[in-house]
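Peer 1: Structure in structure tokens, see below.
The values are calculated or read from the model by the stated rules, or taken from the named source; none is laboratory data. Bear in mind that the values here come from a model prediction, so they are computed numbers and not experimental data. Cβ sites come from the backbone with ideal geometry, for glycine too, and all protein chains shown count toward neighbours.
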Amino acid sequence: MIWSTIKSDIQLISKRHCSFVELMDGTIYIFGGFDSNNLDKIKTYDINSNEWGCLETRGTISLSNKSCFSSVCWQNNFYILGGEEKLRISGDVYSLCLGNIFLSVLKR
């Protein structure tokens with residue numbers, strides 16, 4: 001096994017920690033966490049084309065202060081569980097449907 005460096009577009013991807021990374025259909029999704037600020041954009045990396053992108057979500061909620069959470073992908077959806085929001089521990093559950101990029105709250 002050999003590690004290799006993936007090209008990085010500094011405008012699209014930044015240093016971050018306490019984020020989630022999921023793989024679905026050849027695309028890596030990176031969401032949440034923080035650098036010196038909380039990060040709310042979903043970054044994507046297409047493995048086949050070696051290209052970075054940014055996914056804009058629809059819906060009335062924002063996860064701009066979300067970090068240190070768990071996630072799972074299942075049937076074209078991401079589920080985001082718990083974590084930290086504005087320095088409080090959260091029990092919220094969110095769903096992001098990749099079919100229509102709609103972010104919704106399942107439990108608060």
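Peer 1: Can you tell me which residue within the range 32-89, out of those that are under 21 Å from ARG108 (Cα atoms), among the β-branched types (Val, Ile, Thr) and part of a loop (DSSP other than H, G, I, E, B), is modelled with the highest pLDDT?
Peer 2: THR57
Peer 1: Assess whether LEU55 counts as being loosely packed, with under 12 Cβ neighbours inside 10 Å and among the aliphatic types (A, V, I, L, M).
Peer 2: no
Peer 1: From the set of residues in the range 7-30 that are closer than 13 Å to TRP52 by Cα and modelled with pLDDT of 75 or more, which is surrounded by the fewest Cβ atoms within 10 Å (Cβ to Cβ)?
Peer 2: Looking at residues that are closer than 13 Å to TRP52 by Cα and modelled with pLDDT of 75 or more, I get GLY26.
Peer 1: I'm checking my understanding of the structure. Among residues of the range 60-78 that are in contact with a strand residue (DSSP E or B) (Cβ under 9 Å, 6 or more places away or on another chain) and surrounded by fewer than 16 Cβ atoms within 10 Å (Cβ to Cβ), which one is nearest to SER19 (Cα to Cα)?
Peer 2: By that ranking, first place goes to SER70.
Peer 1: Continuing with this model, one more query. Residues of the range 95-108 being more than 17 Å from ILE28 (Cβ to Cβ) and either aliphatic (A, V, I, L, M) or at pLDDT 85 or above (or both), which ones?
Peer 2: Keep residues of the range 95-108 that are more than 17 Å from ILE28 (Cβ to Cβ), which gives 95, 97, 99-100, 102-108.
Once the filter is applied, which keeps residues that are more than 17 Å from ILE28 (Cβ to Cβ) and either aliphatic (A, V, I, L, M) or at pLDDT 85 or above (or both), the range 95-108 yields SER95, CYS97, LEU103, VAL105, LEU106.
Peer 1: Residues of the range 79-102 being touching a strand residue (DSSP E or B) at 6+ places or on another chain (Cβ under 8 Å) and among the small types (Gly, Ala, Ser), which ones?
Peer 2: Listed by number, the residues that qualify are GLY82, GLY83, SER90, GLY91, SER95.
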